[in-house]
Amino acid sequence: MNNTDKIIKEIKEFHTDIEAWFRGKEDQESLYRKLLSGFDSDFKMVNGHHNTVTLAAFSEWLPGAFGQFPDRSIVLENIEVQTTESHGMATYIEIQTTGSTLTKRKSSAVFIINEDKALWLHLIEKWI
């Protein structure tokens, strides 16, 4: 699998898994481990509210969100990826629908590429 494919696979799998997390439809412990396994230990995110979230803060936030949105769906659009031998950058649109509420964000993510997969290193989300 080439580096572009690794990044696209990671983005799609993460969003499938976080949707399942929000819905509370999977085994919480194994899904928690799977979600966090995709991140580099130095991961940081700047969310749509301009707050910086570390991997530690994200992992502490996750349990409180489990099963809180049983009808939430997540759709991805316009995934674009650029890669080098050891890094990659992706941009995409994420659309979350919960009941009648729809939110959209444009995301830019930097990944570290290892032999097996792409690991999230940095993510910036902007509300659109």
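Where a number appears in this text, it was derived from the coordinates with a stated rule and is not lab data. Computed from a prediction, not measured in an experiment: that's the story for all the values here. Note that each Cβ is placed from the backbone with ideal geometry, even for glycine, and that neighbours are counted across all protein chains shown.
List of remarks:
- Region 13-66: relative contact order as a whole-number percent, Cα under 8 Å and 6+ apart: 35 percent
- Taking 0.36 nm per residue of sequence separation and removing the Cα-Cα distance, the Ala65/Lys126 pair yields an extension gain of 19.9 nm.
- In plain terms, the C-alpha convex hull of the chain casts an average shadow of 7.5 nm² when viewed from every direction.
- Amide H contacts of Lys44 (H built 1.01 Å from N, in plane; Pro and chain starts excluded): His122, Leu123 sit under 5 Å, all sequence-distant by 5 or more or on other chains.
- Amide hydrogen proximity for Gly24: with H placed 1.01 Å from N in the peptide plane, the residues at 5 or more positions away or on another chain lying under 5 Å are Gly67.
- Helix 55-65 and the longest principal axis of the Cα set of the chain meet at an angle near 30°.
- When the alpha carbon gyration tensor of region 30-69 is reduced to an equivalent ellipsoid, the three semi-axes, largest first, read 18, 15, 7 Å.
- Cα-based Rg of region 1-60 normalised by 2.2 N^0.38 Å, two decimals: 1.21
- Qualifying GluC sites (Glu not before Pro) for region 49-94 [loop in DSSP, other Cβ within 10 Å: at most 16]: Glu85
- Projected label distance in nm at Ser86 and Ala57, using a 7 Å step from Cα toward the beta-carbon: 2.8 nm
- Normalised by the number of residues in region 11-128, the mean separation of alpha-carbon contacts (under 8 Å, six or more apart) gives a relative contact order of 26 percent.
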